[in-house]
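The values are calculated or read from the model by the stated rules, or taken from the named source; none is laboratory data. None of the values given here were measured: they were computed from a predicted structure. Reconstructed Cβ throughout: ideal geometry from the backbone, glycine too, with neighbour counts over all protein chains shown. The area values use the complete protein model at the heavy-atom level, side chains included, leaving out ligands, DNA and RNA. Shrake-Rupley method; radii C 1.70, N 1.55, O 1.52, S 1.80 Å.
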Amino acid sequence: MMSDLEIAQRSTMKPISEIANTISLNDDDYELYGKYKAKISLDVLNKFQNQPLGKYIDVTAITPTPLGEGKTVTTIGLAMGLNAIGKKSIVCIRQPSLGPVFGIKGGAAGGGYSQVIPMEDFNLHLTGDTHAVSLAHNLLAAFIDNHLHHGNALDLNPYTISWPRVVDVSDRSLRKIILGLGGKENGVPRESGFDISVASEVMAILALTTDLSDIRKRLGRIVIGYNKKKQPITAEDLKCAGSMAVLMKDAIKPNLLQTLENTPCLVHAGPFANIAHGNSSIIADQIALRLTDYVVTESGFGADCGMEKFMDIKCRYSGLKPNCVVMVCSIRALKMHSGKYKVVPGKPLDPGLAQEDIESVTQGSENLIKQIENARYFGIPVVVAINAFTSDSPKEIETVRKISIENGAFDAVVSEVWAKGGDGGKDLAQAVARACDNGGNFQFLYPLDIPIKDKIHAIATKIYGADGVVYENEAEKKIKLFTEMGWDTLPICMAKTHLSLSHDPKLLGRPRGYKLPIRDIRPSIGAGFLYPLCGEMRTMPGLPSKPAGNTVDFDEDGNVVGLF
């Protein structure tokens, strides 16, 4: 089979104007970025406000291996599969960070015959949204240090500054730095660092905002530190929020692309699923739901990470209610969760993963069972998508189907979209359409008017399966402070590893008999949530010994090669 990039480059793209026309958009509704990309005007929200909402589908997954289990492939393939069975659909996904593109994971445009194109543009700069996020973020950082340099009229305590710089490259050497060296004219010396751009609160705000007025207010509420009286200092206080909002005036518009089968795709925002909520934008979903019958979107990492935040954070701010959850799993990942096999990036897979092993699949399905349970907490029907690999045996697949349905799934279906595109997603599409018609009774995991600790306890015990929560002193202090400031009414965005249901990436399957440690809690007031830190969390990744960028280049004809 050809590589993902070769498949994408040999595909037949339609001009994006033709794609726009298929979803009732005319020339005034979008701005062209070349022949195959466009930005959709926010005026579309008002233009189609009286159109009925389509069905809303969130694609999530079991706890993945470090290689991923085909969630984006399934998201794209499901949208194509819905079209293949005569349903009208749009797919909404995040824009990938350049850190993983050139680091461990590579691109995020899907794979095989289930991709978004142009693949090179999607995985690289696209229309410059991440650049706008980085610039807005770094402008605020510059305003902070400029304020200190010119006398610190706000009496900002430099030791409380929590706003770093950002760059969209994995670069561990930038995690901790010293600013302002070289004398008085070069600023005030202090310790700081860099995060990767997609970990910026500005990116989280972009994904949760609803219009220009809202993003202006959210940017103004960003807390960058405290004064000597322990009062918060905001971007509004530094008179920077207006400039930040202007820098985001085009980035707030969703990007229109297409799949290999010319299904419309809205690509917008790309917040981390560990630190932030890991979902594409509310604006893209709102637009798509007025233009089609089915909208397929995706939550980052497993259901305990992105899906929980999709429900408890994104849906709170959007007011939208999902109709179905698709739970992606692979036989490979279930075997890993048995504890018998290890999956290490950059190393050959254990040959045993390609051999029939019903016992390991059954043992590892404890993780799948828990993730189905997690989705059911929100009152939404769950369809399990078994992402097919050629090494999967019929007995292994039937084992997963049986376990899924016995443990509350509406259905469990094999997905072959990687190899067959939309045709390989027809069975999944039929199951999802039936699940959407089945209804549901959407509910949040917790109300907002309960104490911070009660919200954390609900997530830890219900979603992660912990026996309780243990708070370090710093977390206790922050809970007291944030409650006094009135921030206790915000939703919770747990920052933890994506490689386990627990806080410990070594605990596979369905961990039991542990307490979740909370070492600190930080405010993301502009985005509108608090994020507790469960263990050590990296907001700036490092590159592996053999980065994916090693293979990226041009061939002699000027074509991009090596992206995957």
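Data table
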read-out	value
Cα-centred dipole magnitude for region 1-159, charges only on beta-carbon of K, R (+1) and D, E (-1), debye, nearest 20	560
Region 381-438 - charge dipole about Cα centre, Lys and Arg +1 at Cβ, Asp and Glu -1, debye rounded to 20	20
Region 188-223-region 8-23 distance, computed between alpha-carbon centres (Å)	33
Separation of alpha-carbon centers, region 134-152 and region 98-131, rounded to whole Å	31
Cα→Cβ-extended label distance, 7 Å offset, between Leu481 and Lys462, nm	2.9
Top positive-direction residue, dipole computed over the chain with Cβ charges, set Ser393, Tyr341, Leu148	Leu148
Share antiparallel - DSSP beta bridges, the chain, percent rounded to 5	45
Accessible area per residue, Å², the chain with all protein chains present, probe 1.4 Å	39
Theoretical FRET efficiency, 1/(1+(r/R0)^6), r = Cβ-Cβ of Glu18 and His125, R0 35 Å, to 0.05	0.90
Computed log₁₀ I(q)/I(0) - Debye formula, equal Cα scatterers, no solvent, region 138-209, q 0.23 Å⁻¹	-1.09
Top positive-direction residue, dipole computed over region 158-241 with Cβ charges, set Gly187, Ile215, Ser197	Gly187
Region 406-564: translational diffusion in µm²/s, Stokes-Einstein, Kirkwood Rh over Cα pairs, 37 °C, 0.692 mPa s	166
Ordering of 112-120, 296-304 by burial proxy (mean other Cβ atoms within 10 Å per residue, highest first)	296-304, 112-120
Residues with amide H under 5 Å from that of Cys92, placed H, sequence gap 5 or more	Leu266, Val296, Thr297
Cut-off under 5 Å, modelled amide H: who pairs with Asp168 long-range	Ser197
Among 545-557, 261-273, 462-474, the order from most to least packed when residues are scored by Cβ within 10 Å on average	261-273, 462-474, 545-557
Among 79-87, 358-366, 435-443, 178-186, the order from most to least packed when residues are scored by Cβ within 10 Å on average	79-87, 358-366, 435-443, 178-186
Value of Rg to Rh for the chain (Rh from inverse mean 1/r over Cα pairs, i.e. Kirkwood)	0.95
Table column - 3J(HN,Hα) (Hz), region 463-480, Karplus curve with 6.51, -1.76, 1.60, x for Gly and Pro	7, 8, x, 6, 7, x, 10, 10, 10, 7, 4, 4, 5, 4, 4, 5, 4, 5
Entries in Lys71/Lys347; Lys14/Lys420; Lys395/Lys496 that, when Cα-Cα distance is taken, lie over 24 Å	Lys395/Lys496
Positive minus negative residues near Asn441 (Lys, Arg vs Asp, Glu; Cβ under 15 Å)	+1
Test item: Cα-centred dipole of the chain, Lys/Arg +1 and Asp/Glu -1 on Cβ, debye	1320
Region 154-180-region 252-329 distance, computed between alpha-carbon centres (Å)	30
Fraction of accessible area attributable to carbon and sulfur, the chain (%, probe 1.4 Å)	51
Helix-derived mean residue ellipticity, 222 nm - over the chain, DSSP H n ≥ 4, -39500 (n - 2.57), to 500	-9000 deg cm²/dmol
Note, ³J(HN,Hα) from phi for region 143-160, Karplus 6.51, -1.76, 1.60, rounded to Hz, x at Gly and Pro	4, 4, 5, 5, 4, 4, 4, 9, x, 6, 4, 7, 6, 5, 7, x, 6, 9
